[in-house]
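One structure is given here, and the rest of the page talks about it.
The values are calculated or read from the model by the stated rules, or taken from the named source; none is laboratory data. All of these numbers come straight from a predicted model, not from anything done at the bench. Quick reminder, even Gly has a Cβ in these numbers, built from the backbone with ideal geometry, and neighbours come from all protein chains shown. Heavy atoms of the whole protein, side chains included, go into the accessibility calculation; ligands, DNA and RNA do not. Shrake-Rupley method; radii C 1.70, N 1.55, O 1.52, S 1.80 Å.
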Amino acid sequence: MAVRQIRVIGDEILNKKCKPVKEMTDRTKELIEDMFETMYEANGVGLAAPQVGVLKRIVVIDVEDGYQYGHFGRRYIHENHPEIIEQDGEQTGYEGCLSVPGKTGVVTRPNHVVVRALDENMDEIEVEGEGLLARAICHECAHLDGQLYTELVEGELMDTENDEEEITEE
Ligand code: ZN
């Protein structure tokens, strides 16, 4: 396992569309492990493969708030070609991104989503998320289509240093 370099805004790889994972190879397994390690090292709650320079539809998420999705355990999912199949409600709050260091902004997201994805065995799963998990799922899936949250920010991007509130970075 290794911590990989996180690409930051301005790197064109962050604006590209990612390709589905067709089979689970040792290399892909290693990528997923590295993504978790990189995310934890950076104190993030989510990370998408393009953020470490790989154009594959893989995201890892750990919001450390297991009650809604406890049966997946702490490292709950490897989403290979995640697709949001249901969404409802609304939440408005601060969002951050490991690829946009030092910044935060207000984004409105659905408060509840259901996502269909493949797990690490390439079996189809559905994951339901509320609150922060729903926000993280939306944020990470958008990365796979080359979209950063900065496109969705209401008002101005702000410096995190000037903000008392704890920001979750994805
Ligand atoms: Zn992000």
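Element breakdown for the range 98-160 at a 1.4 angstrom probe: carbon and sulfur atoms account for 42% of the accessible area. With the convex hull drawn over the C-alpha atoms of the range 94-135, the volume per residue is 81 Å³.
Heavy atoms of the protein chains alone define the surface here; on that basis the range 90-170 has 45 Å² accessible area per residue at 1.4 Å probe size.
When you count the other C-beta atoms within 10 angstrom of each residue and take the mean per peptide, 45-52, 97-104 line up highest first as 45-52, 97-104. A simple rule links phi to the HN-Hα coupling: the Karplus curve 6.51 cos²θ - 1.76 cosθ + 1.60 with θ = phi - 60°, which for the range 24-37 gives 8, 9, 4, 5, 5, 4, 5, 4, 4, 4, 5, 5, 4, 4 Hz, with x for Gly and Pro.
Given their separation in residues at 0.36 nm each and the Cα-Cα distance between them, residue 42 and residue 158 gain 39.8 nm when the chain is fully extended.
Accessible area ranking (1.4 Å probe, heavy atoms, ligands and nucleic acids excluded), largest first, for 125, 58: 125, 58.
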